[in-house]
Amino acid sequence: METSNEPSAPVNEDLCQKQRSSEGLATDIKANSTYLRYAFALFSGLILFQCFSSLAVFLTNGRLIHTMRIAMNKGYLVVPNEKIFPVLEKISSAFCGGLFFTLTVGALVCLLALGGAVIYLSYPGSKKNLGPGLVLLLLSAVTAINLNGFLLIETASIILCPCVVFFTCLYLFKNKRPEFSLKRMLLHVCPLIILAGLLVLSTQKKDSMIFTDFRDSFLMTNPIGMTINDFYYTYTLSPAEVFKALDQKLIKSCGLILDLSDEPQRAQLERLLASKDVLVLENKEQPDLILRSQSGQLMFYQGSSKIMETRIIDFIAGPSDLLKNFSKKTDAYAFYRKLTGIALITGLPLLMYLMMYSFFYAIFSLISRQSKASLSASLACFIIGLSCFFVLFIKNSEQVTQTNLRDALSSSTLSRRVAGLRYLSENTFDPVLYPSIFKSMTSPSPVERYWFARAAARSSDPSIFNQMLNLIGDSQPNVACQAFYALGMLDNKEAIPEITKRIGDSNNWYVQWYAYKALKRLGWNQQR
């Protein structure tokens with residue numbers, strides 16, 4: 001009896017198709033599992049870094065509040081004032097401030113550790129040289145951070161967080177190392193390298209204002225961006241206090257201990273120090289600076305350590321250079337600030353890129369296979385990144401010169417008017433010659449009002465003074481800050497009482513900071 005094999009062909013074909021489908025699904029699940037393991041390791045390190053940075057900000061906030069309260073009780077004008085204290089005392093404020101360090105330095109060191117772990121796992125032959133290299137890199141970073149003084153929290157975060165990322169990766173992949181395709185990696189890395197190159201080139205220009213341009217174009221033009229902008233200017237002054245050098249602080253505390261022969265000069269020294277925003281606070285336990293005198297010699301101490309000394313008469317003759325010299329010699333955070341600056345244009349953008357990539361990958365993986373979803377996510381990130389640079393390029397291409405300045409300021413296009421106002425603010429032309437700019441003061445766009453205030457700072461028109469007094473009450477903090485800046489530049493001392501009052505009324509630390517700087521520019525000095 002003859003039998004036919006023809007009906008079995010479709011069955012075998014269906015089985016093969018199902019097998020290929022199941023194999024593809026298994027591959028996708030395996031790939032997704034690999035991504036999740038990398039993400040878990042990275043965020044483990046970032047979460048630990050956030051704990052360290054939040055602690056650093058919380059302790060700094062506490063010391064700052066203590067100092068400002070003592071100064072306030074002595075009758076000095078303080079920034080931040082008592083309206084900011086309740087916010088600074090909250091753990092949530094320290095957490096938000098700590099995000100600045102986590103998203104910059106934390107992102108950089110954790111991503112480096114993750115990259116080291118990937119190489120270590122993917123190339124077994126690299127273990128002999130990579131391990132000691134990573135240890136050497138870590139030790140070098142720790143040494144540089146502590147070169148001018150031991151920083152406990154920063155050292156612990158730099159050591160522990162990369163180790164958590166690295167060893168978490170090793171643990172998660174202990175049974176089987178991850179598959180690594182050099183070709184696929186190049187396809188993902190090339191777009192990133194191009195975007196990174198554009199960013200570096202943009203920030204290295206002498207007149208680069210890429211962060212200002214980004215804020216004006218993408219943050220201050222929509223509600224979500226404004227929320228991010230306000231968050232940044234609300235919570236980044238706290239972390240800045242963590243690593244400021246003494247001469248970078250707005251208000252400094254001082255202990256003044258004079259022997260009997262030098263006691264008659266106390267009042268003069270206190271006034272002189274107060275003019276430099278160094279306030280003598282007798283009840284402060286650990287002031288930023290301690291001055292001790294002995295027979296006409298003035299010695300500078302940080303805690304119990306003597307840093308330098310000079311004659312009292314020399315200090316009275318030129319205190320600024322001596323105070324700056326003391327600040328430089330006691331600046332323990334010099335390298336850490338540089339590291340933060342580097343991380344701001346490396347770690348932060350790379351972390352944002354990876355988060356954006358993960359978002360698109362999650363979407364594309366629902367409709368396509370892992371390999372296609374991965375490449376599609378990289379392409380989407382690359383297109384968005386290029387689009388951002390293109391928008392900034394178009395913004396900077398709006399050339400304004402003295403010839404077409406008047407037309408730009410009266411243009412019906414917002415971006416053109418803003419370009420004209422920026423040109424005015426950066427050059428020596430008197431805005432009073434261009435009456436059309438006064439319409440910008442009531443513009444619905446905060447960006448236009450912002451640049452109007454910057455441009456008005458160069459005006460010789462007396463009416464500008466009253467307009468700036470009105471603009472310091474602007475509901476948008478960035479605009480109010482620039483109005484205070486303009487008042488300081490206009491050099492009209494009649495503004496001092498109003499600025500002093502506004503500092504007391506304001507509940508925005510950033511606005512208070514600008515108002516205080518305006519007072520100093522107008523020649524005002526601290527006094528009890």
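The values are calculated or read from the model by the stated rules, or taken from the named source; none is laboratory data. Since the model is a prediction, treat every value here as computed from it, not as a measurement. Counting neighbours? That spans all protein chains shown, and the Cβs are built from the backbone with ideal geometry, glycine included.
Structure notes:
- Residues satisfying the stated conditions in the range 264-286, i.e. in contact with a Ser or Thr (Cβ under 9 Å, 6 or more places away or on another chain), assigned to a helix (DSSP H, G or I) and more than 25 Å from Lys517 (Cα to Cα): Gln265
- Exactly one residue out of Lys306, Lys276, Lys252 is assigned by TED's automatic domain parsing to the domain that holds Leu322 and either within 30 Å of Phe218 (Cα to Cα) or without any contact (Cβ under 8 Å) to a residue 12 or more places away in the chain (or both), and it is Lys306.
- Taking the range 364-374 as the range and being without any contact (Cβ under 8 Å) to a residue 40 or more places away in the chain and not in a loop (DSSP other than H, G, I, E, B) as the test, the residues that pass are Phe364, Lys372, Ala373.
- In summary, Cys481 fulfils each of the numbered conditions (1) touching a Phe, Trp or Tyr at 6+ places or on another chain (Cβ under 7 Å); (2) modelled with pLDDT under 95 with the single exception of condition (2).
- Residue in the range 356-366 that is surrounded by fewer than 16 Cβ atoms within 10 Å (Cβ to Cβ), over 31 Å from the mean Cα position of the chain (by Cα) and in the same structural domain as Leu103 (by TED's automatic domain parsing) present: yes
- Filtered residue count, the range 208-224, keeping only those that are buried (at least 16 other Cβ atoms within 10 Å of the Cβ) and assigned to a helix (DSSP H, G or I): 8
- Set side by side, the residues Phe315, Phe300 differ, and just one is farther than 17 Å from His66 by Cβ, in a helix (DSSP H, G or I) and touching a helix residue (DSSP H, G or I) at 6+ places or on another chain (Cβ under 8 Å), which is Phe315.
- Screening Ile313 on (1) surrounded by fewer than 19 Cβ atoms within 10 Å (Cβ to Cβ); (2) β-branched (Val, Ile, Thr); (3) in contact (Cβ under 8 Å) with a residue 60 or more places away in the chain shows it passes everything except condition (3).
- Among the criteria (1) part of a strand (DSSP E or B); (2) within 24 Å of Val511 (Cβ to Cβ); (3) small (Gly, Ala, Ser), the one Gly255 does not fulfil is (2).
- Subset of the range 321-343 that is of a type in the set (Gly, Ala, Ser) and in a helix (DSSP H, G or I) - its residue that is surrounded by the fewest Cβ atoms within 10 Å (Cβ to Cβ): Gly341
- In the range 120-136, residue nearest to Ala41 (Cα to Cα) [restricted to those that are exposed (fewer than 14 other Cβ atoms within 10 Å of the Cβ) and at pLDDT 80 or above]: Val135
- Residue tally, condition of a type outside the set (A, V, I, L, M, F, W, C) and out of contact with any helix residue (DSSP H, G or I) (no Cβ under 7 Å at 6 or more places or on another chain), over the range 241-257: 4
- Which listed residue, of Val189, Val135, is farther than 25 Å from Ile345 by Cβ, of a type in the set (A, V, I, L, M, F, W, C) and free of Cβ contacts under 8 Å to residues at least 60 places away in the same chain: Val135
- Some residue of the range 375-391 being over 24 Å from the mean Cα position of the chain (by Cα) and not in a helix (DSSP H, G or I): no
- Residue in the range 253-276 that is under 30 Å from Cys96 (Cα atoms) and loosely packed, with under 15 Cβ neighbours inside 10 Å present: no
- In the range 477-513, the residues that are assigned to a loop (DSSP other than H, G, I, E, B) and either surrounded by 15 or more Cβ atoms within 10 Å (Cβ to Cβ) or in contact with a strand residue (DSSP E or B) (Cβ under 9 Å, 6 or more places away or on another chain) (or both): Asn492, Ser506, Asn508
- Test: Ser140 is surrounded by fewer than 11 Cβ atoms within 10 Å (Cβ to Cβ) and either at pLDDT 90 or above or acidic (Asp, Glu) (or both): yes
- Any hit, the range 98-110, residues being surrounded by fewer than 21 Cβ atoms within 10 Å (Cβ to Cβ) and more than 17 Å from the chain's Cα centre (by Cα): no
- The residues of the range 298-307 that are exposed (fewer than 14 other Cβ atoms within 10 Å of the Cβ) and closer than 23 Å to Ser261 by Cα, listed by number, are Ser304, Lys306.
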